[in-house]
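One structure below.
The values are calculated or read from the model by the stated rules, or taken from the named source; none is laboratory data. All values reported here derive from a predicted model rather than from experimental measurement. Cβ placement follows ideal geometry from the backbone for every residue including glycine, while neighbour counts extend to all protein chains displayed. In case anyone asks, the SASA skips ligands and DNA or RNA and just uses the protein heavy atoms, side chains included. Shrake-Rupley method; radii C 1.70, N 1.55, O 1.52, S 1.80 Å.
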Amino acid sequence: MTLHTLFSEVTGVSGYVLPHEHIFCDFTSVTGDLDHLLNDKVVALRELSSFEKIGGSVIVDITPPDLGRQPKLLAEIALKTKLKIVMSTGWYRKAFYPPEIDVMSSSQLARMIITELTQGIELENGEIIKAGLIGEIGVDRDVISAQEERVLRAAAIASCETGAPISTHSSMYPVGIKQLEILKEYPISSNKIIIGHADTYLDQDYHRELLDAGCYIQFDTIGRNHMNSDVDRINSILNLVALGYQDQILLSTDRCFRSDLKTFGGFGYDYLFITFKELITNAGLPGEIFENFTKRNAVTALSW
Ligand SMILES: [Zn+2]
């Protein structure tokens, strides 16, 4: 079981892992808001240095191509830092989809994902880099559109063939259940499924239904206090740990706007390991479990 990073397969990661972040992304085609554009390598390097300093080892850039993935810039970042970068593949959600989603079958779409995972993509300089994760595979609303279902099925086919994990964008509650139902029509093991944005609605019944099905749930909007307070997130996590689910919980911060970055006054990529860690351990979570969330659980979930 190894982590598939841009240039190599990695075993024995000892530092922190951020499983759901954006180093580069572009929402502006839909939102028109320049805050929703991360495209500056110098800013990215500065921001990621805070994660490295706090003991970060691995960061997943969960930006599929239709959300402004930047393979060349990711490769440059990987070479200029000690971080292991996991690149994503697939398609984001309906509003962002390119035309091929309408004219290709799920099997054909799956082939595109599989190619990026197994053969990689060639950069202008001839270098080959590989995707290591299928994600973030999204649903726009609380119902799954026909196009989104097609992409979900493509992700499932690709995961079954390669063993690569699928990480979802499931912000509208309780759409993670509906995504899981479609994915489980395929012989995909539940521990290859990460239901993302599980902390946008802190409903324990929702979380438990996903956890009892065997998948990971990801509290990945940590620090976004306008959605839920971190105090509420922490209470929700502590309750799930008390029920014995600590091996299926992942944490991340989904940095995707300029205003999320320290350069622009935001919290940055180290918030989870400083402020949030202090809050949750002061609230009673043993430090060892925090370490497991952000190291062992994440590495296990991302390995294939
Ligand atoms: Zn998302």
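Going by the conditions given, is Tyr186 in contact with a Pro (Cβ under 6 Å, 6 or more places away or on another chain) and among the hydroxyl-bearing types (Ser, Thr, Tyr)?
Working: in contact with a Pro (Cβ under 6 Å, 6 or more places away or on another chain): no; among the hydroxyl-bearing types (Ser, Thr, Tyr): yes.
No; evaluated as a whole, the condition is false for this residue.
Residues checked against (1) aliphatic (A, V, I, L, M); (2) away from the ligand (no atom under 16 Å from the Cβ); (3) in contact with a Leu (Cβ under 6 Å, 6 or more places away or on another chain); (4) at pLDDT 95 or above:
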| site | (1), (2), (3), (4) |
| --- | --- |
| Ser106 | no, yes, no, yes |
| Ala110 | yes, yes, no, yes |
| Ile129 | yes, yes, yes, yes |
| Glu136 | no, no, no, yes |
| Val139 | yes, no, no, no |
| Ala158 | yes, yes, no, yes |
| Ser171 | no, no, no, no |
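Any chance you could count how many residues in region 179-195 are within 16 Å of the ligand (Cβ to nearest atom), outside any helix (DSSP H, G or I) and more than 18 Å from Arg233 (Cα to Cα)?
Qualifying residue count, region 179-195: 1.
Filter region 112-153 down to residues that are in a strand (DSSP E or B), open to solvent by 10 Å² or more (accessible area, probe 1.4 Å) and in contact (Cβ under 8 Å) with a residue 60 or more places away in the chain, then give me how many there are. Outline the logic, then answer.
Quick first cut of region 112-153, residues in a strand (DSSP E or B) only: 121-122, 128-129, 131-138.
Retained after the next criterion (residues that are open to solvent by 10 Å² or more (accessible area, probe 1.4 Å)): 121-122, 128.
Next cut, in contact (Cβ under 8 Å) with a residue 60 or more places away in the chain only: none.
Looking only at that region, the number is 0.
Any idea how many residues of region 37-68 are open to solvent by less than 30 Å² (accessible area, probe 1.4 Å) and either assigned to a helix (DSSP H, G or I) or within 16 Å of the ligand (Cβ to nearest atom) (or both)?
17
State whether the residues of region 196-210 include one that is β-branched (Val, Ile, Thr) and away from the ligand (no atom under 16 Å from the Cβ).
Checked against the condition, which is being β-branched (Val, Ile, Thr) and away from the ligand (no atom under 16 Å from the Cβ), region 196-210 yields no hits at all.
Suppose we filter Asp220, Asp199 for residues that are open to solvent by less than 10 Å² (accessible area, probe 1.4 Å), in contact (Cβ under 8 Å) with a residue 24 or more places away in the chain and in contact with an Asp or Glu (Cβ under 6 Å, 6 or more places away or on another chain); which single one remains? Reasoning before the result, please.
Working: Asp199 fails: in contact with an Asp or Glu (Cβ under 6 Å, 6 or more places away or on another chain).
Criteria check complete, one pass: Asp220.
Taking the conditions exactly as written (open to solvent by 10 Å² or more (accessible area, probe 1.4 Å), of a type outside the set (A, V, I, L, M) and at pLDDT 95 or above), does Gly163 satisfy them or not? Working first, answer last.
Details: open to solvent by 10 Å² or more (accessible area, probe 1.4 Å): yes; of a type outside the set (A, V, I, L, M): yes; at pLDDT 95 or above: yes.
Here the answer is yes, as Gly163 does meet what is asked.
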